[in-house]
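Participant: Before anything else, here's the structure in question.
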Amino acid sequence: MSFFGFGQSPELELVLSDAESRRRVEHKTEEGKKEKYFLFYDGETVSGRVVLTLKNPNKRLEHQGIKVEFIGQIELYYDRGNHHEFVSLVKDLARPGEFTQSQTFDFEFTHVEKPYESYTGQNVKLRYFLRATVSRRLNDVVKEMDIVVHTLSTYPELNSSIKMEVGIEDCLHIEFEYNKSKYHLKDVIVGKIYFLLVRIKIKHMEIDIIKRETTGTGPNVYHENDTIAKYEIMDGAPVRGESIPIRLFLAGYELTPTMRDINKKFSVRYYLNLVLIDEEERRYFKQQEVVLWRKGDIVRKSMSHQAAIASQRFEGTSSHGEAKPPGQPENNGRQ
């Protein structure tokens, strides 16, 4: 390689211009580990420099051009050969030529649109990254740097409570109520369950938070359900007329905002699953979809227009006050 490259071997490094002051957040990798990445929002400028270091000073490096790209892409794990790019910006840093010493190139992508939140799931990954490339005749030199994007929303104007009556004829009749249908990621779910009729011996009751990831379209649709949390709300047999309170803090769980039909590639939805288990280990359950959204901690003045853009993209706000039921049929009976 050194022979074909005239004895020169370059190294590339990507450095953000505000690396010292920019916030870093943890994000799950494809391997399930958590690593820290620089955090950006929709509409923020991404700027920095590409540092090209020559390992062998005074030996020339021939190249066919140097560029830096900002890319947003979706990768479906069952179709790894195809990367679906929804953002692709390029800056040419140097024309074809040669170098005999190390170089630094500044770049800036102004007010970059970042319409979706970064996401790593069971079957899909949405990532944003910078990529610097030194083009060469035989082997390009490439360096990538991932960033994380969070999508902020404002408080939904319509946020009706969820109130439903469910049961099995002549055996069980309960009424449950959640205070809202849309929750931010650090919110508290407050509700109650009221027993109108109890003729089966219930020994346990819990609420599960279920994440449903949907990828693909048409006949190639994959559903992946993941139970994020199990929260016990009752241990023992209830009696008629009893009311059980619910208070579930979301901040302790790994949640993302609800994502609907992202770039026509995938969706992420959340459900509250009320589960009752009787003494014969039979399970009775009722699912209800809730919308999760990300609330900004402290929105800086410079971020006001980005937050406004994000709020317009909040998909949970609709003109109807009623909460929508899950897309799949619900099973109110025995499982």
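Participant: For every helix of n ≥ 4 consecutive DSSP H residues, a contribution of -39,500 (n - 2.57) applies; sum these over the chain, divide by its total residues, and give [θ] at 222 nm rounded to the nearest 500 deg cm²/dmol. Each step should come with its number before you reach the end.
Facilitator: Details: 1 runs with 9 residues, N = 335.
Result for the chain, helices only: -1000 deg cm²/dmol.
Participant: According to the square roots a ≥ b ≥ c of the eigenvalues of the Cα gyration tensor, what is the shape class of segment 60-118, taking rounded for a/c under 1.5, prolate for a/b larger than b/c otherwise, and oblate for the remainder?
Facilitator: Values: a/c = 3.63, a/b = 1.83, b/c = 1.99.
Here segment 60-118 falls in the oblate category.
Participant: Relative to a virtual label point 7 Å from the Cα of residue 102 in the Cα→beta-carbon direction, which members of segment 11-45 show backbone nitrogen distances below 14 Å?
Facilitator: Backbone N within reach: 11-15.
Participant: Taking the alpha-carbon distance from residue 295 and a cut-off under 16 Å, which aspartates and glutamates remain once sequence neighbours fewer than 8 residues away in the same chain are dropped?
Facilitator: Cα-Cα hits under 16 Å: 42, 117, 157, 187, 254, 315.
Participant: Let me ask something else. In segment 162-296, what % of DSSP beta bridges are antiparallel (nearest 5)? Let's see the in-between values first.
Facilitator: Numbers: 56 of 59 bridges.
In segment 162-296, DSSP labels about 95 percent of beta bridges as antiparallel.
Participant: Additional query: If a/c stays under 1.5 just call it rounded; otherwise compare a/b with b/c (prolate if a/b is bigger, oblate if not). Do that for segment 162-296, with a ≥ b ≥ c from the square roots of the Cα gyration tensor eigenvalues. Numbers along the way, then the final one.
Facilitator: Working: a/c = 2.39, a/b = 1.68, b/c = 1.42.
It comes out prolate by the Cα gyration axes.
Participant: Just to be sure I follow the definition: excluding the sites themselves, where is the longest run in the chain that has none of the trypsin sites (Lys or Arg not before Pro) in a DSSP loop with at most 14 other Cβ atoms within 10 Å?
Facilitator: Values: sites that count: 22, 23, 33, 55, 80, 137, 186, 199, 201, 240, 264, 282, 300, 313.
Counting at most 14 other Cβ atoms within 10 Å as exposed, the longest clean stretch of the chain is 81-136.
Participant: While we're looking at this one, here's another question. When the scattering of the chain is computed by the Debye formula from its Cα atoms alone, each counted once and equally, what is log10 I(q)/I(0) at q = 0.07, 0.09, 0.10 Å⁻¹?
Facilitator: Per q value, in the given order, log10 I(q)/I(0) is -0.41, -0.62, -0.72.
Participant: Restricting to the chain, what percent of DSSP beta bridges are antiparallel, rounded to 5? Don't skip to the end; give the middle numbers.
Facilitator: Details: 109 of 116 bridges.
Here the share of antiparallel DSSP bridges comes out near 95 percent.
Participant: Give the ranking of 15, 221 by solvent-accessible surface, highest area first, calculated with a 1.4 Å probe.
Facilitator: Values: 15 30, 221 55 Å².
Largest accessible area first, the residues go 221, 15.
Participant: Also, quick follow-up: In debye to the nearest 20, how big a dipole does the chain give about its Cα centre with +1 on each Lys and Arg Cβ and -1 on each Asp and Glu Cβ? Could the numbers behind the result be given before it?
Facilitator: On the way: 49 positive and 50 negative charges, 143 e Å.
Once rounded to the nearest 20, the dipole reads 680 debye.
Participant: Given 10 °C and 1.306 mPa s, compute D for segment 1-85 with the Stokes-Einstein relation, Rh being the Kirkwood radius over Cα pairs; round to the nearest whole µm²/s. Show your work: numbers first, answer last.
Facilitator: On the way: Rh = 16.6 Å.
For the chosen part, D equals 95 µm²/s.
Participant: Something else about it: Can you tell me the relative contact order of segment 162-296? Whole percent, Cα pairs under 8 Å, sequence separation 6 or more. Before the final figure, lay out the partial values.
Facilitator: On the way: 316 pairs, mean separation 38.7, N = 135.
Worked out over segment 162-296, it gives 29 percent.
Participant: I need the shape label for segment 10-149. Rule: rounded when a/c is under 1.5, else prolate if a/b > b/c, else oblate, with a, b, c from the alpha carbon gyration tensor. Working shown, then result.
Facilitator: Values: a/c = 1.99, a/b = 1.62, b/c = 1.23.
Prolate, since a/c reaches 1.5 and a/b exceeds b/c.
Participant: Could you give the length gained on full extension between residue 254 and residue 217, defined as 0.36 nm per residue of separation minus the Cα-Cα distance, in nm?
Facilitator: Working: separation 37, 0.36 × 37 = 13.32 nm, distance 2.65 nm.
Length difference between fully extended and current span is 10.7 nm.
Participant: In nm, give the distance between the simple-model label positions of residue 18 and residue 34, each being 7 Å from the Cα along the Cα-to-Cβ direction.
Facilitator: 2.5 nm
The values are calculated or read from the model by the stated rules, or taken from the named source; none is laboratory data. Keep in mind that what you see is a predicted model, and the values were worked out from it rather than measured. Cβ coordinates were reconstructed from backbone atoms using ideal geometry, including for glycine residues, and neighbour counts include every protein chain displayed. In case anyone asks, the SASA skips ligands and DNA or RNA and just uses the protein heavy atoms, side chains included. Shrake-Rupley method; radii C 1.70, N 1.55, O 1.52, S 1.80 Å.
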